[in-house]
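Each reported figure results from applying straightforward, stated rules to the coordinates on display, with no laboratory input. Values in this document were obtained by computation on a predicted structure and should not be read as measured data. A quick note on method: Cβ atoms are made from the backbone with ideal geometry, for glycine too, and the neighbour counts reach across all protein chains shown.
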Amino acid sequence: MSAPKNVDRTPAYLARERRTKIVKRVRFICILFAVLAIATVFALLPYRRMLPPLPIEAREAGTVRLHFLSVGQGDATVIESSGQCVVVDAGGGGFNETNHIIRYLRGLHVSAPVFLTTHAERDHYGGMATLIQTFGAKAVYLPVLSSEDDGYLAISEAARAADAPVLTLTRGDEIAGGDVRIVCVSPAEETGTDKNAASCVLYLETERVRVLLGADIPATREREIMQAAKDGEVGNSVELDEIDILRVSHHGSDSSSSEEWLEYLGAQVAVISCGAGNRYAHPAAGTVERLSSCVGDIYRTDELGDIMAVIGRDSFRMIAG
Ligand SMILES: [Zn+2]
């Protein structure tokens, strides 16, 4: 009786197996080349120049608009008025977030605006260098405390390449904002090392409407600013106790927005910039509670997306979603 034939090892089977292996190898090499080709195209093409503008209604003459952009867990605010556009912070630099800011600014027909970084934390400066490279810049304001991070150092490089002056604001300094007055109310002379505390806090004023952009300052700095305001030391004719719109400090963290601060400012509307489901659980329940009892309406970018404040001569309205 002869031994059973091994059907799996016939020459025909081995040839088939070899062919299958070769096909698999060729397919793998093709996919690898395709991935490398796509990556090369993305790296070499200035694809951000091709990003289309978002459809945004044109600003009515005589109004000032504030745009609180939805950039996840970060901050990016645009101050738009006739003859001037100031971009305050640039989100954390994530691919989608930076592209969103670029498309939004294109929708506003922005060219060479003023850029300002409130403080050297990534969720505020991450997209800044790319924005300067994309739009050019009239001037670039950097915070008093810097960072050694490459992404932060790239901002100065981008400003140099755009031939824009690099400046710093401290208490009482003003920047030209077209129809809106923009005053830095903090920091004064910075002696600490806490970047959040050293954030640049901006007071905006049109004829009758006042706004405070609280950056990421903690309650200790809120107290210091309040005292300086009571002593008349936060800038010429700054009415800090008559705020209409407040950009809530530090994304609604519990260590900011003390009851005393909120009551002093007297804001009618609070805007919180934070990412949906962020790992810091911002805004804190306690902050939301304090805002609910001290301020009128609360607008959140994690719930509403981009938020716009349209400011007229003596009134304003909020638009969201
Ligand atoms: Zn922040």
How much length is gained if the chain between Leu167 and Arg59 is pulled fully straight, taking 0.36 nm per residue apart and subtracting their Cα-Cα distance, in nm to one decimal? 36.0 nm
Roughly speaking, what is the stretch gain from Phe33 to Glu189, that is 0.36 nm per residue apart minus the C-alpha to C-alpha distance, in nm to one decimal? 50.6 nm
Modelled label-to-label distance, Ala176 and His109, 7 Å Cα→beta-carbon offset: nm? 2.0
Expected sort for Thr170, Thr77 with the fewest Cβ neighbours (10 Å cutoff) up front is Thr170, Thr77
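At a Förster radius of 22 Å, what calculated FRET efficiency corresponds to the Cβ-Cβ distance of Ser237 and Asp314, to the nearest 0.05?
Details: r = 17 Å, r/R0 = 0.77.
The calculated FRET efficiency here is 0.85.
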What residues have an amide H closer than 5 Å to that of Gly93, excluding those fewer than 5 places away on the same chain, when H is modeled at 1.01 Å from N in the peptide plane? Thr98, Gly126, Gly127
Take the alpha-carbon positions of segment 212-314, form their convex hull, and give its projected area averaged over all directions (one quarter of the hull surface) in nm². 6.7
A correct Karplus calculation of ³J(HN,Hα) over segment 222-231, with 6.51 cos²θ - 1.76 cosθ + 1.60, θ = phi - 60°, whole Hz and x for Gly and Pro, returns 4, 4, 5, 5, 4, 5, 4, 5, 5, 7
Theoretical gain in end-to-end length, Arg49 to Lys230 [0.36 nm per residue, Cα-Cα removed]: 60.4 nm
Taking amide H positions as placed in the peptide plane 1.01 Å from N, state which residues far from Leu169 in sequence (5 or more) or on other chains have amide H under 5 Å from it. Leu142
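Can you sort Asp123, Asp306, Asp231 so the residue with the fewest Cβ neighbours within 10 Å comes first?
Values: Asp123 27, Asp306 19, Asp231 8.
By the 10 Å Cβ count, ascending: Asp231, Asp306, Asp123.
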For segment 57-101 and segment 119-183, what is the centre-to-centre distance using only Cα atoms, to the nearest Å? 14
Taking the convex hull of Cα positions in segment 72-162, its mean projected area over all directions (nm²): 5.2
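Could you calculate, for the chain, the ratio of the Cα radius of gyration to the Kirkwood radius, expressed as Rg to Rh?
Working: Rg = 26.0 Å, Rh = 21.5 Å.
Value, to two decimals: 1.21.
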Tyr13 and Thr40 label points (each 7 Å along its Cα→Cβ direction) are spaced in nm at 4.3
Any residue on another chain or 5+ positions along whose placed amide H is under 5 Å from the amide H of Arg300 is listed here as Ile272
